[in-house]
Amino acid sequence: MNFQSVPLRVFNTLTGKLETFVSLEEGGKPKAIRLYVCGPTVYDKAHLGHARCYITWDTLYRVLQFLEYPVIYVRNITDVDDKILAKARALQQSPKQLAAENHAFFTQDMVALNILPPHHEPCATAHIDDMITSIETLIEKGFAYVTQDGSVYFDVRQKKDYGKLKFSTNDPQKLASHLEDLQSGARVAVDEEKHSPLDFALWKAIPTEDPDGWVSPWPSATDGNTNKKNGWGRPGWHMECSAMNHAFFGEQIDIHAGGADLVFPHHENEIAQSECLTGVQPFARYWMHNGFVNVSGEKMSKSLGNFSTVRDVLARYDVNTIRYFLLTHHYRMPVDFTDEALTGAQNRIEKLSARLQEAVVCCNLDLNTLDNWLVTTLTGFKALQDKIKNRSIATSKGCEALASFETMLTAMASDDLNTAKALAELSTLLRLLKGTTDSEEMQDTLRLLLSLLNLSGFNLLLLLTPKACLLDEHAIYQLYQTLFKNQEPPEREAKAVLRILLTERQQAKQAKNWERADAIRKALVDLNFQLLDSKEGTTQLAQNGIEVVGVC
Ligand SMILES: [Zn+2]
């Protein structure tokens, strides 16, 4: 097995086909793979739909890394949007502050879901100048027009293959007929000055008294002051992603991914803007989209009352249960979150965890060296493969374990990120692990098993640590927020947060603020911590007799 023997094959929404991945080249050499994923609009906390979307693309990113592709991963943050403004106004908060708070929550949720950070996480508001420059070019090239109020629209009629992503075709006749249907279905609002119902805003003019805007080169001709040189407005959402793509990657990218709800109009419009701006086609070679999340058979929505945030779900199920549940479904299919399904996944994870912990004890494996021990690249797998095959008494079980890992890898890489098929190999590897008494063989099988879980983004530390030794991070953060009036802890690690709480208690005691010192003590005891105060005034924190935080 080598690099060529594991081709990457993905379903491309642009062509409607499963395609073998070929990276963009520069001077005959493949460039680093440019992966762009549409990030969240930070007006609220992340929900289950976000969990599915970013777990899916995290898995793709891990597979690309395993196959040893150099990757640059960009996932943006939409921090200017009507939803952010509406919510901030309702809360009498500044939109900037609301977006920053929800961005911070999002980052914490991604960490909690064991999602690897992208290389760049640009905020739309940091690229307003890029957007204005791009819009000016589109106007100059005749692809966009300015309206009386100082808004700018993209002229869809100028983009001859508009609709190619939505309808997965480049056939001009088919596209023309599809677009006619779309157009007759769309209506132009009375107050808009669009030339065609499908035209979309690149820039929306707003009244000058609205504080949440930016200066634009397109003054309003309707406010009576014709001498004005500048306008005032906000960017259109689609323009944000095009501008950030160009800022980080230039004219073309390899893979553009996001939720299926973004295919039309968001991604279609991104293609139209970007290709007209640069004249280079295709803007993105592969478009990948993940399916919807339903809750108990219904579309998840706030109005239906079945809207679950990532935090709500993480309070009930751990990250491995959530990952297992999601990844045992193909990413393009819809998934239905039900408590029965999640409980089933939880039982599976608990059994898996118990079996792995037994094997780790049997193999005398030191958890601290786990990272170096896992197989995380094809080269690493090749080396292990050679080692197993060359062993003097090459066993059939060792070879069976290798074959199982190859099946898993082929499913992930060459069968459109088929994590469901890949995770089915867990049963085979667990059976082989149970059936061996040879310590070297057991180690190799365990290594392959843990590598599969690692490639799928499971939190191995959580799987391999007995429950009694685990800190309830969620409860610790909640405690911090209660004591510090809803502030987010400055540290991610639960132990660091506990240390801050102990220091705070120490300071309260020194200030003779006994009420606060006792409140902190009581809250920690309620969480099953033991506080061991010394005569010198220092404190040690333990749980179930195990020291958690040393002397503070
Ligand atoms: Zn986007």
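The values are calculated or read from the model by the stated rules, or taken from the named source; none is laboratory data. This is a predicted model, so every value here is computed, not measured. So basically every Cβ, Gly included, is an ideal-geometry build from the backbone, and we count neighbours across all protein chains shown. We work out accessible area using only protein heavy atoms, side chains counted, and drop any ligands, DNA or RNA first. Shrake-Rupley method; radii C 1.70, N 1.55, O 1.52, S 1.80 Å.
Numbers for the structure displayed
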| quantity | calculated |
| --- | --- |
| Residues (open to solvent by less than 20 Å² (accessible area, probe 1.4 Å) and either among the small types (Gly, Ala, Ser) or more than 9 Å from the ligand (Cβ to nearest atom) (or both)) located in region 263-274 | Glu268, Asn269, Ile271, Ala272, Gln273, Ser274 |
| Check on Ser308, of a type in the set (S, T, N, Q) and within 16 Å of the ligand (Cβ to nearest atom) | no |
| Residue ranges of helices (runs of 4 or more DSSP H) in region 259-347 with at least 2 members aliphatic (A, V, I, L, M), at pLDDT below 95 and under 23 Å from Thr59 (Cβ atoms) | 310-316 |
| Count - residues of region 334-354 that are under 22 Å from Ala401 (Cβ atoms), surrounded by 16 or more Cβ atoms within 10 Å (Cβ to Cβ) and not small (Gly, Ala, Ser) | 3 |
| Residues (in a helix (DSSP H, G or I), among the aliphatic types (A, V, I, L, M) and crowded, with 16+ Cβ neighbours inside 10 Å) located in region 369-394 | Leu370, Leu378, Leu384, Ile388 |
| Filtered residues of region 229-262 (kept if among the hydrophobic types (A, V, I, L, M, F, W, C), within 11 Å of the ligand (Cβ to nearest atom) and open to solvent by 10 Å² or more (accessible area, probe 1.4 Å)) | Trp237, Leu262 |
| Cross-chain or 6+ apart pairs with Cβ under 7 Å, region 228-239 first and more than 14 Å from Ile206 (Cβ to Cβ), then in a helix (DSSP H, G or I) and away from the ligand (no atom under 16 Å from the Cβ) | Met239/Ile135 |
| Inter-residue pairs, beta-carbon under 6 Å, first under 17 Å from Lys434 (Cβ atoms) and in a helix (DSSP H, G or I) and in region 357-368, second open to solvent by 30 Å² or more (accessible area, probe 1.4 Å) and among the basic types (Lys, Arg), 6+ apart | none |
| Index of the failed condition, Ile84 passing every other in (1) within 16 Å of the ligand (Cβ to nearest atom); (2) open to solvent by 50 Å² or more (accessible area, probe 1.4 Å); (3) in contact (Cβ under 8 Å) with a residue 24 or more places away in the chain; (4) not aromatic (Phe, Trp, Tyr) | (2) |
| Among the residues listed as Phe154, Phe106, the single one being aromatic (Phe, Trp, Tyr) and either in contact with a Phe, Trp or Tyr (Cβ under 6 Å, 6 or more places away or on another chain) or open to solvent by 30 Å² or more (accessible area, probe 1.4 Å) (or both) | Phe154 |
| Set Thr445, Thr465: member being under 17 Å from Ala359 (Cα atoms), buried (at least 19 other Cβ atoms within 10 Å of the Cβ) and either in contact with a Cys (Cβ under 9 Å, 6 or more places away or on another chain) or of a type in the set (Val, Ile, Thr) (or both) | Thr445 |
| Region 39-76, subset part of a loop (DSSP other than H, G, I, E, B) and aliphatic (A, V, I, L, M), residue nearest to the chain's Cα centre (by Cα) | Ala46 |
| Residue within region 25-40 that is open to solvent by 70 Å² or more (accessible area, probe 1.4 Å) and under 30 Å from Asn294 (Cβ atoms) present | no |
| Options Thr78, Thr15, Thr20, Thr59; residue that is open to solvent by less than 10 Å² (accessible area, probe 1.4 Å) and either acidic (Asp, Glu) or more than 16 Å from the ligand (Cβ to nearest atom) (or both) | Thr59 |
| Pairs where the first residue, in region 256-273, is farther than 16 Å from His50 by Cα and the second is open to solvent by 10 Å² or more (accessible area, probe 1.4 Å) and near the ligand (Cβ under 8 Å from one of its atoms), C-beta under 8 Å, 6+ apart | Pro265/His238; His266/Trp237; His266/His238; Asn269/His238; Glu270/His238; Gln273/His238 |
| Selection within region 23-38 - part of a strand (DSSP E or B) and away from the ligand (no atom under 16 Å from the Cβ) | Glu25, Glu26, Lys29, Pro30, Ile33 |
